[in-house]
Each structure stands twice: as C-alpha cells, then as structure tokens.
Amino acid sequence: MSAGGSGAAAEAIPQNNIMAFGVLGGLIGVYGAYFLVGMVGQYMSFIGALGAICGMVWGAAAVRRVASYGLGTGVPSIGMLALGMGVIAATFGLAVGGVAGPVVALVVAAIIGLMIGVLANKILKMGIPIMEVSMTEIATAGTITILGLSVAMTGTFDFPVVLSQVISTGYIAVIFIAGGLAILHPFNACLGPDEKQDRTLMCAVEKGSIAMIVAGIVATTNPNASGALTILIGIALWYVAFSGFYDRTKRDAYDVVGAGMLPSKEELE
Amino acid sequence: MIDVAGILMQNILYVILITLGGVLISWSVHFVPVGGAPAAMAQATGIGTGTVQLAAGAGLTGLVTAGAMMQITNNAALVIASGAVGAMIMMSVTMIVGTWVYAYGVGCPPASAKVKYDPITKDRQDLYVSQGTEGHGLPTVSYVSGVIGGALGGVGGSLVYYALMSIENGLPLADLVGIASVFAVGIFFVNAVIPSYNIGGTIEGFHDPKFKRFPKAVLASLIATFFCALISVLSIGGL
C-alpha cells in the first residue's frame, strides 16, 4: 500500500533489481542502437527507444518510492526536476565524452542528483530518508530517457548530429515532455491506498511506448534513423502495456461496472 | 580533450552570472502566489496550479522575450529588461484571468487567510474567508507579490540565457541558440523545484510566514546552480 505521505512504499520487485534493469537496459539500448545502426542498418535505431523505456520504468519506480513519503507538493515537480537535471547531464556528457558520452552523462547526472538530494535533506530539511538515493536514481533515469530517445530519433549519439537534429530543431522539447510524463505520470495517476507497484510500472511502460512512437515519427525525418520499425514496435508495446495496465486496474478495483448511456430527455421527465 | 581550466578561467564571469540568475529564479518563486490543487478548488489563496508550472511558464516567457530582444541587440540591460517584462506580463495575465474566474465563475471574493489586513490596501481579510478554506482568489497583496516574482524570475531566466549565449565558442548561431535554451530550461526547472520543496507547495506571497524560509532555498540553489553553471559553461565553451 502506498498513499502519498504515508511512508515507505511496499514493493514486489526490489528497487535494486529495477535499478540494474534501468542502468544496464538503458546503456545496452543506447550503445546497441549506436553500434548496430552502423553495422546492421539504420532500422536498428529502435533499440535506443527500448533503452529509454528501461530508464523511464526505473525513474517511475524511484518517483514512486520517494513520493510515497509526501513531497509537500505535486508529484509532477519531481519528474520535471529529473528531466531538468537529465538534460544538463546528457548534453554535457555527449559534448565532452565522445564514444564514452553516455557513461559520462550518467556519472554527471548521478553527481547532480546526489547533490540535490543532499541539499534537499540538509538545507531544505525535507526529512525524507531515501531522498539522496532517490534523487540520484531519478536524475540518472532522466538522463537515460533523454539519451535513449535522442538515439532513437537520430540513430547516433555523436554530439554534432544530436545538436543539429534534436536540440536545434526543438525535438528536445518533445523528449522533455514525453519522457518527463513517463517518469512523473505513473505514480501521479495510480497513487492512493490501493497503489500496487506492478500496476504503476505497467503504466510507465505504456507512457514510454507512446514516447517511443513519437520518437519514431521524428526519426522518419532523419536520414540516419528509420522510423517505421520504431513506430510499429512502439504501437505493439503500447497495446501490450495498456492491456496489462487495464487488467491490473480491474484486478485491484473492487468492482468494474458500466455506467450505461446518459438518460435521454424522455426518461428524465 | 577540452582545456577545462582555460575555459573556466576565460568564462568565470558567466559562471557567476548563471549562478546569480539561478538564485534569482529560486528567490522569485517565493513571491509567486501558488495555491496548488486546493486553490484550483478555491480552497486556498493563490493561482490554482503548482509552483513548477507557474515558474516554468513565467520563466519560459521571459526566455522567449529575452531571445527575441537578443536578435536585435547584445545590450545586457535591454535583454534582461525584456525578459523581466515578458515574465511580468505572463504572470499578470494569469493572475487577472484567475481572479475573474474566482470572482465571476466560482463566486468568491479574493481573501487571504494568512493575514488579518491586506498589507497594501489595509482591507479586512478574515471576514471574507469562507469556512473550511484557507482563503481564496488573489487579494491585492498576492497580486503585487506575483508581479514582483515574475520580474525576478524573468531577470533570472534572461540572465542565465544571456550568459550562456555570450560564452565564446565555435558553434553556428542556430545550434548555439538551441543548446543555450536547453541549458537555460534545465537550470530553470532545477531552480523552480528546489524552492517549491522549501515552501511545501503553497505560498500566498511575501506576506506569508513561509516567505521567511527563502534563505534556505537560495542557499540550496546557489550550490546547485553553481555546479550546473560549471557544466554548461564547459560544454558550450568546449565546442
């Protein structure tokens, strides 16, 4: 059970496993897309979006954990913070790191996140025991989301390409909102006394696949990446995740009944 | 590999300006009357949305107006003034339309529950606060406070943008605008969320007792923005 403000959230999957899933899945996705686009063909760029979804699920799980303590303000703030920290770290990492860019970005994100977590507890006195760890996780997950979606859009993380195809064109704003939504929305939508981890995370996968479809649409405008496979896999994943989310919603609800049509004018008289 | 020390020494002024901008943004959020979800139901004084959305709205408007001014001139004072005016207009419009909705739509008078008399108009407040609510609408003091907040946020946002655009680099202008905007938005969000946690999500303006907490958020923002400023100066300066 996990209502906002009630303390630690119960979790069926331990956070450490999700953390490993997010970091490894995200890095494999980003590097897999980068190398396979060069070796196999541009249509492999969809792997980047799968990596981004790993990051989003991790981010949503971390938001769920920290927001269960009650932030004193809306859950969306922490998602925006994640992407705000993530975009700074991702741009820096890609700008200075070369092939090691994504790893540099993750390390920088972890440092910024840890710093903001420490500031929140030591200076703002928020008193959330897992704040430092969670902020580190959320910043890193936001960075993976940005990196993964950028690779899915351009097929590479070479900084000049990302700069001219993602940042200067303004698609970074799409990544910001679509990725931020996947991190902040699941817990915001599911929070309450009957919140369950698997339902929240399934919602994250569903939001992530929407971001994947959007990334695919952007990729169709780009010569180095192919959008068709990204869009198809995104739609399939969305269908699976949405059915999974709906099944879990029905499972957790006391009862699901149809409300029927609105009464007609004659029936009301 | 980029020359870290050289770039930092060359651009140390911009690191300081970005940090100052971040601190101003953080301080500005304390002026903005944010009511959050309760205000959306007319059960608390302020604008009915969260700190981050409001600060982002005002800050991004400031960024756009500052960017438009930068097309014409490189004069720092004009760019910053343009950013401030843009953010003030955005905040004023949001608040006046919100007040219309509260007055003519919801049907409640603007009233503050934190003070007995409005510090500016000296009007009695507590008589008009509905039972079970913590005030509603936007009394004059909150409105004035919100405009001050918009001005500070706009100055901060445009200061960050101006500093980022002024760093020496080898980028074409279109790419520079893109990367400077991205860093400015990232820094803006970080500095909008830190004070939002400091005030616990809602504040009525500078007359609210919570306003006295601002030094903590300003200190936290100072440290966080300084670090972000180093990173952004390094990445733009190294290109």
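Within the stretch B:82-102, which residues are touching a strand residue (DSSP E or B) at 6+ places or on another chain (Cβ under 8 Å) and not aromatic (Phe, Trp, Tyr)?
B:THR94, B:MET95, B:GLY98
For the stretch B:41-52, state whether one or more residues are open to solvent by 20 Å² or more (accessible area, probe 1.4 Å) and among the hydrophobic types (A, V, I, L, M, F, W, C).
The answer is yes, given that some residue of the stretch B:41-52 is open to solvent by 20 Å² or more (accessible area, probe 1.4 Å) and among the hydrophobic types (A, V, I, L, M, F, W, C).
Against the conditions (1) farther than 30 Å from B:LEU54 by Cα; (2) out of contact with any Leu (no Cβ under 7 Å at 6 or more places or on another chain), where does A:VAL30 fall short? Just the number, please.
(2)
Which members of the stretch A:98-116 meet the condition of being at the interface with chain B (Cβ under 10 Å from one of its Cβ atoms) and either closer than 18 Å to B:PRO195 by Cβ or of a type outside the set (A, V, I, L, M) (or both)?
A:GLY98, A:ILE112, A:MET115, A:ILE116
For the stretch B:193-216, indicate whether the set of residues that are more than 27 Å from A:GLY70 (Cα to Cα), in contact with a Ser or Thr (Cβ under 9 Å, 6 or more places away or on another chain) and at the interface with another protein chain (Cβ under 10 Å from one of its Cβ atoms) is non-empty. Don't jump to the end; show me each part of the working.
Restricting attention to the stretch B:193-216, the residues satisfying the condition of being more than 27 Å from A:GLY70 (Cα to Cα) are none.
No, the stretch B:193-216 has no match at all.
Surrounded by fewer than 23 Cβ atoms within 10 Å (Cβ to Cβ) and closer than 27 Å to B:ILE223 by Cα: is that true of A:TYR69 in this structure?
Against the criterion (surrounded by fewer than 23 Cβ atoms within 10 Å (Cβ to Cβ) and closer than 27 Å to B:ILE223 by Cα), A:TYR69 qualifies.
B:ILE80 fails exactly one of the following numbered conditions: (1) buried (at least 21 other Cβ atoms within 10 Å of the Cβ); (2) part of a helix (DSSP H, G or I); (3) under 11 Å from the mean Cα position of the chain (by Cα). What is the number of that condition?
Unmet condition: (3).
Considering the stretch A:108-129 alone, what residues qualify as being of a type in the set (S, T, N, Q) and open to solvent by less than 20 Å² (accessible area, probe 1.4 Å)? I'd like the intermediate steps shown before the answer.
First, the residues of the stretch A:108-129 that are of a type in the set (S, T, N, Q): A:121.
Result: no residue meets the conditions.
Restricting the search to the stretch B:97-124, which residues are loosely packed, with under 14 Cβ neighbours inside 10 Å and either part of a loop (DSSP other than H, G, I, E, B) or touching a Leu at 6+ places or on another chain (Cβ under 6 Å) (or both)?
B:GLY107, B:LYS116, B:THR121, B:LYS122
Check off (1) part of a helix (DSSP H, G or I); (2) within 11 Å of chain B (Cβ to nearest Cβ); (3) more than 25 Å from B:PRO172 (Cβ to Cβ) for A:ALA141 and give me the number that stays unchecked.
Answer for A:ALA141: the failing condition is (2).
Residues that are small (Gly, Ala, Ser) and at pLDDT 90 or above: find the helices (runs of 4 or more DSSP H) completely inside the stretch A:196-269 holding 2 or more of those.
A:197-219, A:227-252
List, please: which pairs have Cβ atoms under 9 Å, are six or more places apart or on different chains, and start with a residue in the stretch A:33-45 that is open to solvent by 80 Å² or more (accessible area, probe 1.4 Å) and end with one that is outside any helix (DSSP H, G or I) and of a type in the set (Gly, Ala, Ser)?
From residues that are open to solvent by 80 Å² or more (accessible area, probe 1.4 Å), the pairs are A:GLN42/A:GLY155; A:GLN42/A:ALA225; A:GLN42/A:SER226; A:TYR43/A:ALA225; A:TYR43/A:SER226.
Out of (1) at pLDDT 85 or above; (2) open to solvent by less than 40 Å² (accessible area, probe 1.4 Å); (3) closer than 26 Å to A:GLN42 by Cα, what's the single condition that is false for A:GLY97?
So the condition that A:GLY97 fails would be (1).
Give A:ALA236, A:ALA259 a once-over and let me know the one that is surrounded by 10 or more Cβ atoms within 10 Å (Cβ to Cβ) and out of contact with any helix residue (DSSP H, G or I) (no Cβ under 7 Å at 6 or more places or on another chain).
A:ALA236
In the list A:GLY74, A:GLY7, which residue meets the criterion of being closer than 21 Å to A:THR200 by Cβ, open to solvent by less than 20 Å² (accessible area, probe 1.4 Å) and at pLDDT below 85?
Matching residue, one of A:GLY74, A:GLY7: A:GLY7.
Out of the helices (runs of 4 or more DSSP H) lying entirely within the stretch B:1-74, which hold 1 or more residues that are more than 14 Å from chain A (Cβ to nearest Cβ)?
Correct list: B:4-10, B:12-29, B:51-72.
The values are calculated or read from the model by the stated rules, or taken from the named source; none is laboratory data. No experiment lies behind these values; they were computed from the predicted model shown. Heads up, the Cβs are rebuilt from the backbone with ideal geometry, glycines too, and the neighbour counts pull from every protein chain shown. Heavy atoms of the whole protein, side chains included, go into the accessibility calculation; ligands, DNA and RNA do not. Shrake-Rupley method; radii C 1.70, N 1.55, O 1.52, S 1.80 Å.
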